[in-house]
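Undergrad: Sharing a structure here in structure tokens format.
The values are calculated or read from the model by the stated rules, or taken from the named source; none is laboratory data. None of the values given here were measured: they were computed from a predicted structure. Counting neighbours? That spans all protein chains shown, and the Cβs are built from the backbone with ideal geometry, glycine included.
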Amino acid sequence: MPARRMLTMRQLRRIMRMHHEGASAREIARAVGAARSTVQDALNRAAAAQLFWPLPDDLTDEVLEARLFARPGGGAGVGVRKRPEPEWGHLVRELRRPAVTMMILWEEYRQICPDGYGYGYSRFCELLRAFQQRLSPVMRQHHVAGDKLFVDYSGKRLGITDPVTGEIRMAEIFVAVLGASNYTFAEVTWSQALPDWIGSHVRLFAHLKGVPRLLVPDNLKSGVNKASFYDPEINRSYGRMTAHYDVGVLPARPKKPRDKAAVEAGVRFAQTYILGRLRNQTFFSLDEANAAVGIVMAQMNTRPMRKLGVSRADLLETLDRPALRPLPPTDYEYAEWKLVRVGLDYHVEVEGFYYSVPHALIRQQVDARITSSTVDRAPRDGVTARILGRGSDWIRPPRRAA
């Protein structure tokens with residue numbers, strides 16, 4: 001990826017919004033698919049132009065571009081009064097709420113102490129951190145509500161039996177874990193290929209009834225083309241899906257196990273919970289398997305966690321779900337992309353069918369977006385136009401005029 005790259009107005013607005021929400025330039029660069037220097041340049045221009053998020057509703061892309069790119073002009077001892085012990089599990093849950101700090105929690109704790117007799121701030125923080133360390137690895141990290149959603153596949157698969165031949169085909173288990181609530185979603189698909197990978201995300205967001213700020217995938221090829229510590233390259237189709245839901249992508253960094261702790265712990269727990277309880281069942285279709293997995297996951301998410309005393313489903317409702325962003329009006333439809341050149345007959349060939357485009361595009365290359373029902377084209381100017389329904393045009397190109 002080049003060091004500098006032209007940004008669309010949509011990308012510039014996302015950069016400003018994510019910066020306002022506290023994301024670093026590196027996180028923003030990964031989310032929008034640009035170099036960090038490009039993101040920093042855009043932020044510097046916005047600051048110089050006195051532009052801050054949220055932008056005015058009447059600020060058009062043209063005005064925004066002109067302003068950004070205008071040319072320059074523990075226990076008590078004997079005889080010692082016992083201090084009130086806070087409910088540490090409740091404090092850990094509260095700490096995941098946006099803008100809640102240890103100082104705020106300590107001040108609230110001192111207010112309920114009789115005569116103000118309680119732990120000092122340093123000791124309070126020490127004990128709270130010690131309690132956090134006793135939690136599972138996935139719970140130890142501090143995740144803000146609605147911020148990160150970790151996604152990956154289980155290393156172990158589930159067998160589906162062909163009802164006619166008796167042949168067993170292994171299916172993949174997709175797992176997603178919300179950082180703050182540890183709420184876990186799982187489903188069974190035939191493969192880890194792009195259609196299944198993206199389809200699982202669409203169903204995941206519908207299940208959650210919202211989207212987080214960031215997705216954190218392990219560097220699966222369906223999501224990340226090139227794993228890099230500083231500047232990973234996001235798969236194009238995956239990037240289109242995340243843009244539709246306006247969610248950033250922050251791949252787990254190579255050789256950084258803490259980046260993967262949440263999803264790996266969640267995957268291990270989910271696969272043990274699922275496979276252990278379904279080991280004696282035989283499934284003859286994906287629908288049967290997913291129905292059973294859904295029941296098991298509901299049991300897992302509603303079971304109280306021992307250290308916190310509440311369930312993942314409870315934390316989803318009180319922490320993550322209120323902080324999730326709303327879903328777009330329509331679900332994302334998976335599409336494949338093909339670069340095609342417009343012929344002299346102003347037609348393009350896609351999967352054996354020919355489709356007409358405006359004659360002004362003759363000899364130009366266009367991006368054909370292929371879904372199960374339509375073929376769209378996205379020229380280099382960024383304007384998208386519907387061509388025709390799939391296969392509804394003629395099969396052979398016309399003869400040239402004599």
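Undergrad: Evaluate the stretch 84-91: report whether one residue or more is over 34 Å from the mean Cα position of the chain (by Cα) and at pLDDT 70 or above. Give the steps one after another, and end with the answer.
TA: Here is the first cut: in the stretch 84-91, the ones over 34 Å from the mean Cα position of the chain (by Cα) are 84-86.
Right, trim to at pLDDT 70 or above and you get 85-86.
Yes, the conditions are met somewhere in the stretch 84-91.
Undergrad: Let me ask something additional. Select from the stretch 368-379 the residues that are surrounded by 16 or more Cβ atoms within 10 Å (Cβ to Cβ) and farther than 17 Å from Val202 by Cβ and list them in ascending order.
TA: Ala368, Ile370, Val375, Asp376, Arg377, Pro379
Undergrad: Here is a check on your reading of the model: is Glu349 surrounded by fewer than 18 Cβ atoms within 10 Å (Cβ to Cβ), in the same structural domain as Asp246 (by TED's automatic domain parsing) and either of a type in the set (Asp, Glu) or in a helix (DSSP H, G or I) (or both)? Break it down stepwise before answering.
TA: Working: surrounded by fewer than 18 Cβ atoms within 10 Å (Cβ to Cβ): yes; in the same structural domain as Asp246 (by TED's automatic domain parsing): no; either of a type in the set (Asp, Glu) or in a helix (DSSP H, G or I) (or both): yes.
Judged against the criteria, Glu349 is not a match.
Undergrad: May I pose another question? Would you mind finding the one in Asp320, Asp314, Asp246 that is at positive phi and modelled with pLDDT of 85 or more?
TA: On the way: Asp320 fails: at positive phi; Asp314 fails: at positive phi.
Answer to the selection: Asp246.
Undergrad: Which pairs do you get when a residue that is closer than 22 Å to Glu21 by Cβ, found in the stretch 90-110, comes within reach of a residue that is among the aliphatic types (A, V, I, L, M) and outside any helix (DSSP H, G or I), reach meaning Cβ atoms under 7 angstrom, with the pair 6+ apart or on two chains?
TA: Sorted first by the residue in the stretch 90-110, then by its partner, the pairs are Arg93/Leu308; Glu94/Val100; Arg96/Val144; Arg96/Ala145; Arg96/Ala180; Arg97/Ala145; Pro98/Val144; Pro98/Ala145.
Undergrad: How about the stretch 315-336: which of its residues are surrounded by 14 or more Cβ atoms within 10 Å (Cβ to Cβ) and of a type outside the set (Asp, Glu)?
TA: Leu315, Leu316, Thr318, Leu319, Arg321, Ala323, Leu324, Arg325, Leu327, Tyr332, Tyr334, Ala335
Rundown of residues vs (1) more than 28 Å from Ile15 (Cα to Cα); (2) of a type in the set (Gly, Ala, Ser); (3) part of a helix (DSSP H, G or I); (4) at pLDDT 90 or above, yes/no style:
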| site | (1), (2), (3), (4) |
| --- | --- |
| Ala186 | yes, yes, no, yes |
| Gln192 | yes, no, no, yes |
| Arg203 | no, no, yes, yes |
| Lys221 | no, no, no, no |
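Undergrad: Among the residues of the stretch 276-309, what is the count of those that are surrounded by fewer than 17 Cβ atoms within 10 Å (Cβ to Cβ) and within 30 Å of Gly89 (Cα to Cα)?
TA: The number of residues fulfilling the criteria is 13.
Undergrad: Turning to a different aspect of this structure: Do the conditions hold for Ala48, that is, is it surrounded by fewer than 14 Cβ atoms within 10 Å (Cβ to Cβ), modelled with pLDDT of 80 or more and either of a type in the set (A, V, I, L, M) or more than 36 Å from the chain's Cα centre (by Cα) (or both)? If you could, list the steps in order and put the result at the bottom.
TA: On the way: surrounded by fewer than 14 Cβ atoms within 10 Å (Cβ to Cβ): yes; modelled with pLDDT of 80 or more: yes; either of a type in the set (A, V, I, L, M) or more than 36 Å from the chain's Cα centre (by Cα) (or both): yes.
Spelling it out, Ala48 is indeed surrounded by fewer than 14 Cβ atoms within 10 Å (Cβ to Cβ), modelled with pLDDT of 80 or more and either of a type in the set (A, V, I, L, M) or more than 36 Å from the chain's Cα centre (by Cα) (or both).
Undergrad: Out of (1) buried (at least 16 other Cβ atoms within 10 Å of the Cβ); (2) not assigned by TED's automatic domain parsing to the domain that holds Gly276, what's the single condition that is false for Arg312?
TA: (2)
Undergrad: Sticking with this one: Any residue in the stretch 154-173 that is closer than 24 Å to Val310 by Cα and modelled with pLDDT of 75 or more?
TA: Applying the first criterion (closer than 24 Å to Val310 by Cα) to the stretch 154-173 yields none.
So far as the stretch 154-173 goes, no, none of its residues is closer than 24 Å to Val310 by Cα and modelled with pLDDT of 75 or more.
Undergrad: Scan the stretch 28-39 and give yes if some residue there is modelled with pLDDT of 85 or more, in contact with a strand residue (DSSP E or B) (Cβ under 7 Å, 6 or more places away or on another chain) and surrounded by 12 or more Cβ atoms within 10 Å (Cβ to Cβ), otherwise no.
TA: Yes, that holds for at least one residue.
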